[in-house]
Amino acid sequence: MRLRHIEVFNAVMLTGSVSAAARMINVTQPAVSRTLQHAEIQLGFQLFQRVGGRLKPTLEAQTLYPHIERLFSQLDEVQRLSASLKAGRGQGELRVLTVLALSYEVFPRAMRLFREKHPQVMVHHEALHSPQIVASLALQEADVGYVFSAVSHPSLAQEQLAERQVVCVVPRGLLTARQLKAGTLTLAQLAKLPVIALDGQDPLGQLLAHAVRDSGAGLQEVMTVQTYHVALALAHHGVGVALVESCTAASADRSKVDVLALEPALPTRVHALRSTARPNSLPIRAFTRCMQQALLETA
């Protein structure tokens, strides 16, 4: 199939009619009909059947369509990358991405430090999930990103900034005086408490799941969440114990919760990511050092 065939086929699949497809891609109805006919002749099979005034895709068309969708997704990435390259990067601008957990305490501290030395640089910040950060950096839509999990991507360079530990944020009143004095909770002790679990797709959630499986301790998971600060908020309201990294725990309200170390210790590492297609500029290096200092402050 030629690109024109693919464009028309996609438009008809999305709209269900020749007239609507013609409007969608800004051509005439006869042009859409002719292009479909040419595509079917080239392919050697029918793509659509007319049923009740609409075009119904054949089995062959339905089999092709997922591949066409992936192709259009890739074309969209090319357009986004082209727009990013055309826009360039102003000397006085820095586009920073962080995972949600780093956007509450660590990023604001880093921003304060950065502003003290580089007040002329305009910083654009966005909090995203790790896969979104990787995709955006690969497309050169941002300058630098900060995530918890290590990333293997051919177009990205990464640097480990800090190591943090998983901690237990426990609603007040759930622990004994002896447990509070010890300052740590084991997985066996956690098994007796209600726990707010992290999503299994989350890097920290996977780390915890492996540790629990290896220990043989079955946790009383009352619910699962996708973000660490939601888990923290639920702990504040007494729903259960939140297992989060120490950056998130820095926001804990100690009048509502107790924060204890987890035993055995589970480390999480913060990484800086940037595109290898762009130089490691002074603003990027400076902001990364500020992030590293802010991580030390929230240890």
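The values are calculated or read from the model by the stated rules, or taken from the named source; none is laboratory data. Just so you know, these numbers come straight off a predicted model, no measurement behind them. Glycine gets a Cβ as well: all are built from the backbone with ideal geometry, and neighbour counts include every protein chain shown.
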Return yes when F72 is of a type in the set (F, W, Y) and either crowded, with 18+ Cβ neighbours inside 10 Å or modelled with pLDDT of 90 or more (or both) and no when it is not.
no
For segment 259-299, which residues satisfy the criterion of being among the β-branched types (V, I, T) and farther than 24 Å from V134 by Cα?
V259, T298
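Per-residue answers, yes or no, for (1) out of contact with any Asp or Glu (no Cβ under 6 Å at 6 or more places or on another chain); (2) hydrophobic (A, V, I, L, M, F, W, C):
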| site | (1), (2) |
| --- | --- |
| S136 | yes, no |
| L156 | yes, yes |
| R164 | no, no |
| V169 | yes, yes |
| K181 | yes, no |
| A197 | no, yes |
| L207 | yes, yes |
| A211 | yes, yes |
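Select from segment 18-50 the residues that are among the small types (G, A, S) and in a helix (DSSP H, G or I) and list them in ascending order.
S19, A20, A21, A22, A31, S33, A39
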Using beta carbons and a limit of 6 Å, which pairs, at least six apart or on different chains, have the first residue in segment 15-35 and closer than 15 Å to R54 by Cα and the second one at pLDDT below 90 and basic (K, R)?
G16/R54; S17/R54
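Just name the residue that is surrounded by the most Cβ atoms within 10 Å (Cβ to Cβ) out of those in segment 163-187 that are more than 20 Å from G205 (Cβ to Cβ) and aliphatic (A, V, I, L, M).
Only one residue tops the list, namely L175.
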Only strands (runs of 3 or more DSSP E) wholly contained in segment 107-195 count here; list those with 2 or more residues that are of a type in the set (A, V, I, L, M) and in contact (Cβ under 8 Å) with a residue 60 or more places away in the chain.
144-147, 156-171
Restricting attention to segment 256-286, the residues that are small (G, A, S) and buried (at least 18 other Cβ atoms within 10 Å of the Cβ) number exactly 2
Evaluate the following for L55: is it in a strand (DSSP E or B) and surrounded by 15 or more Cβ atoms within 10 Å (Cβ to Cβ)?
yes
Could you list, in sequence order, all residues of segment 251-277 that are assigned to a loop (DSSP other than H, G, I, E, B), touching a helix residue (DSSP H, G or I) at 6+ places or on another chain (Cβ under 8 Å) and modelled with pLDDT under 90?
S251, P264, L266
